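The values are calculated or read from the model by the stated rules, or taken from the named source; none is laboratory data. From a predicted model like this one, the values you see are computed outputs, not experimental measurements. So basically every Cβ, Gly included, is an ideal-geometry build from the backbone, and we count neighbours across all protein chains shown.
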Amino acid sequence: MAIVFEKPKSLTDAPLHYCPGCTHGIIHRLVAQAIDELGIEGRTIGVAPVGCAVMAYNYFSCDMVEAAHGRAPAVATGLKRSLPENIIFTYQGDGDLASIGMAETVHSATRNENITIIFVNNAIYGMTGGQMAPTSLPGQVTQTSPYGRDVTTAGFPIRICELLSTLDGPEYIERVAVNNVKNIKQAQKAIKKAFENQVNGKGFSLIEVVSSCPTNWGMTPDDALRWIDEKMIPYYPLGVYKDRSAKEGE
Amino acid sequence: MAEKVLMKGNEAIAEAAIRAGCLHYFGYPITPQTELAAYMAKRMPKIEGGVFLQAESEIAAINMVYGVASTGKRVMTSSSSPGVSLKQEGISYIAGADLPALIVNVQRGGPGLGGIQPSQSDYFQATKGGGHGDYHLIVLTPASVQEMADLTGLAFDLADKYRMPAMLLADGTMGQMMEPVELPETAPEMIEKPWAVTGTQMKRKHNIINSLYLVPDELEKMNFERYERYKQVEANETRYEEYMMDDAEICVVAFGIAARVSRNAVVEARKQGIKAGLIRPITIWPFPKDAIAKAATHCKEIISVELSMGQMIEDIALSAECKVPVTLCNRAGGMIPSPDQVFDAIKKAAGGNE
């Protein structure tokens, strides 16, 4: 019998701990698939964040390092500078990457570190129980913005792709989503390219994945996916924000 | 024998680190350790595989150290007091993940922004943890430019051997002063690090560098195991130097620049017929408890000479177990005690006229 669907080899057999309807599982799969397809598992080292994906080190079968909150790009910099032939990726959430780790994010980008960053934006702190994130939308109700995010006191959400694409350093910046099959297909392509760039020595690639958090958004998984279309994507438009090689190829 | 060269303390650390096989340096500018980073910036690009990176912050620098240490290679960062405070989060993670690394603190006066003159007021931070959680660093305290070099090599060896971070706790004087120094000419032997992340090459199960244990039983077990290792360090690696302690009645305890000042005071005391001696801790963690305990059996007073408001004095008092009075002779905020000040303290302890 022909196998038509199987688990990527770069994922372990450990059962994922994520909530029902969470899209981390899909994103893990896309990352593992890219590693499989490029045949780089044996030389890949992943960096797990602090946040819901903290235990990603149990799920990817390549070597893994657990970083402090927000510091994954600095840890990845150390790994890459020590082992330039290895493939280094970080997997980070919005609080990790866009709040506490903003300096590490911006500076690894501006140095054009030859690393791959998978940035999961679900507009909330999931693991700690649903607090306001740097990417929470204006008016969004969270545990720490119980009356809705008031931009006059809490400020505006940060659009990471737009911000990083103003830098000369980074090679490739794209925002994708995983709320429907079409978007997942595009996310798959983008994530693979982000790894391919590193294999080819092109430099810093960051893929922002607009994701859902049904538990902390207080929605059914279905409604959460719709909320991505209705609220998230209008604020965080999908697309390629920077692709230096494509530009050079024009 | 190797040729002696005249070097600044900060530069001696840098060159000794490179000769110890440390080819990765991450730092952020701060006085008075600047020469160390500058030396690395000049040398590393000329060495095959050498990496110098000026990080965006002390926090990033220590996390870059964590990254390289995860791969099993020798790596270091250096800073001065306020910068070392910023590194504490990363140091705790490095200790929690059982990674070897070297952190150099060329201390300056504090708290806060403090000043840029020499100090020893980061003793508590260096020896009692510094960051969160139960852990220790091996803390070495050089008292000459030669020791800046020697203890750098030793720190890397010990960090590798015990899988824990080591700190070289110097001060602004040690960093800035120039002395002749002899540098090692042969590379040290490196030990195998099967725990390192280097890529599985599809030949082994994945390695994980981590300090997270959500099951409390497991976290407790890790803590107990780590402290078993610390006991070995205490048993095997406590280092100190004694000067005229055999028949001493007054015992002076001091490290780093304070020890050099104190030695002059002990010499002067002996000239004047006072039986004074000096214990110079070279490691302050592990602390030379036994040497202090022994001194407490035959001395009538122990004087702690420090460039702080009195931090090491607590370890001395614990080691002396209240058998004799332990007093403080100190300057703070970037000031250094004079030999006369220490001599006066010795004379007072001996019951002489003030």
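Structural remarks
- When each of B:I284, B:I303, B:I279 is tested for being more than 18 Å from B:V139 (Cβ to Cβ), not in a helix (DSSP H, G or I) and not assigned by TED's automatic domain parsing to the domain that holds B:M148, the lone residue that passes is B:I303.
- Condition met for B:G90 (part of a helix (DSSP H, G or I), in the same structural domain as B:G172 (by TED's automatic domain parsing) and touching an Asp or Glu at 6+ places or on another chain (Cβ under 6 Å)): no
- Just one of the listed residues (B:A293, B:A332) is in a helix (DSSP H, G or I) and hydrophobic (A, V, I, L, M, F, W, C), namely B:A293.
- Test: B:S78 is away from every other protein chain (no Cβ under 14 Å) and part of a helix (DSSP H, G or I): no
- Within the range A:107-133, tally of residues that are in a loop (DSSP other than H, G, I, E, B) and either under 14 Å from the mean Cα position of the chain (by Cα) or not acidic (D, E) (or both): 12
- Taking the criterion of being within 11 Å of chain B (Cβ to nearest Cβ) and hydrophobic (A, V, I, L, M, F, W, C), the residues of the range A:15-62 that qualify are A:I40, A:I45, A:V47, A:A48, A:V50, A:V54, A:M55, A:A56, A:F60, A:C62.
- Residues being in a helix (DSSP H, G or I) and under 10 Å from A:A56 (Cβ atoms) - total across the range A:1-26: 1
- Filter pass, A:G201 being in contact with a helix residue (DSSP H, G or I) (Cβ under 9 Å, 6 or more places away or on another chain) and at positive phi: no
For every residue, the table says whether it meets (1) more than 8 Å from chain B (Cβ to nearest Cβ); (2) within 20 Å of B:A55 (Cβ to Cβ); (3) out of contact with any strand residue (DSSP E or B) (no Cβ under 8 Å at 6 or more places or on another chain); (4) in a loop (DSSP other than H, G, I, E, B).
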site	(1), (2), (3), (4)
A:M64	no, no, no, no
A:H69	yes, yes, yes, yes
A:A76	no, yes, no, no
A:L79	no, yes, no, no
A:P84	yes, yes, yes, yes
A:T90	yes, yes, no, no
A:S99	yes, yes, yes, no
A:T105	yes, yes, no, no
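- Among (1) closer than 21 Å to B:L219 by Cβ; (2) touching a Pro at 6+ places or on another chain (Cβ under 8 Å); (3) aliphatic (A, V, I, L, M), the one test that B:A97 misses: (2)
- Wholly within the range A:207-250, helices (runs of 4 or more DSSP H) carrying at least 1 residues that are of a type in the set (A, V, I, L, M, F, W, C) and surrounded by fewer than 14 Cβ atoms within 10 Å (Cβ to Cβ): A:244-249
- Qualifying positions in the range B:145-189 - at pLDDT 95 or above, assigned to a loop (DSSP other than H, G, I, E, B) and among the aliphatic types (A, V, I, L, M): B:M164, B:M177, B:L183
Residues are listed down the side, and each one gets a yes or a no for (1) surrounded by fewer than 22 Cβ atoms within 10 Å (Cβ to Cβ); (2) small (G, A, S); (3) in contact with an Asp or Glu (Cβ under 9 Å, 6 or more places away or on another chain):
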residue	(1), (2), (3)
B:I303	no, no, no
B:M309	yes, no, no
B:M312	no, no, yes
B:L318	yes, no, no
B:P325	yes, no, yes
B:D344	yes, no, yes
B:A350	yes, yes, yes
